[in-house]
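The values are calculated or read from the model by the stated rules, or taken from the named source; none is laboratory data. As the structure is a prediction and not an experimental result, all values here were calculated from the model. FYI the Cβ positions are ideal-geometry reconstructions off the backbone, even for glycines, and counts take in every protein chain you see.
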């Protein structure tokens, strides 16, 4: 099977056994990667179908290797379907594993289509890095979004998740920290030294301050009723 066959969006076929069971246009290999209980219930598959049809990928939990794998797979799947059409990444995450987040960042940087990133709840630690890694002029937050730098040591809100702390808190920790600070600096107006200071003090930012720092480009305002 060629790449175009693997990533093409098929018509909705009937179940081969004649039952009422629905068949998804999302390929089974991608369904198997989704960060949800297995086997994936039909209503969850339908939710992801609607999100992917709108070219929306959501990170709504702590970032670990499984979340990174699912996120990268969805982004690449959508890129292959329509390489020139904008993608959207919605974030509501306390952060998590540095290495898993770096993998997502590297995938983002290699995307052909533009990627709009939006914080819809919170973006702390490495989730904030993903938010600011979107395409310039397409990085946004809601007015009450929680944006926060956090220290690079333990705790659920730190950039190191509990699950990955043992692997990452070794001799390479200093190198990971330096890479993290440089990554923030590359995508913003901040220096690596300034990012290190903001992380140490658990600096919480309003969306307006995040704009001044060059971390995001705008705030989505609620429509008037």
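Tabulated data
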quantity: Qualifying positions in the range 179-208 - touching a strand residue (DSSP E or B) at 6+ places or on another chain (Cβ under 8 Å), surrounded by 13 or more Cβ atoms within 10 Å (Cβ to Cβ) and outside any loop (DSSP other than H, G, I, E, B); calculated: 204, 205, 207
quantity: Flag if residue 155 is part of a loop (DSSP other than H, G, I, E, B), within 25 Å of residue 192 (Cα to Cα) and at pLDDT 95 or above; calculated: no
quantity: Those residues of the range 187-200 which are farther than 18 Å from residue 141 by Cβ, without any contact (Cβ under 8 Å) to a residue 40 or more places away in the chain and out of contact with any helix residue (DSSP H, G or I) (no Cβ under 6 Å at 6 or more places or on another chain), in sequence order; calculated: 193, 194, 197
quantity: Restricting the range 111-130 to residues that are more than 11 Å from the chain's Cα centre (by Cα) and closer than 25 Å to residue 172 by Cα, the residue that is surrounded by the fewest Cβ atoms within 10 Å (Cβ to Cβ); calculated: 124
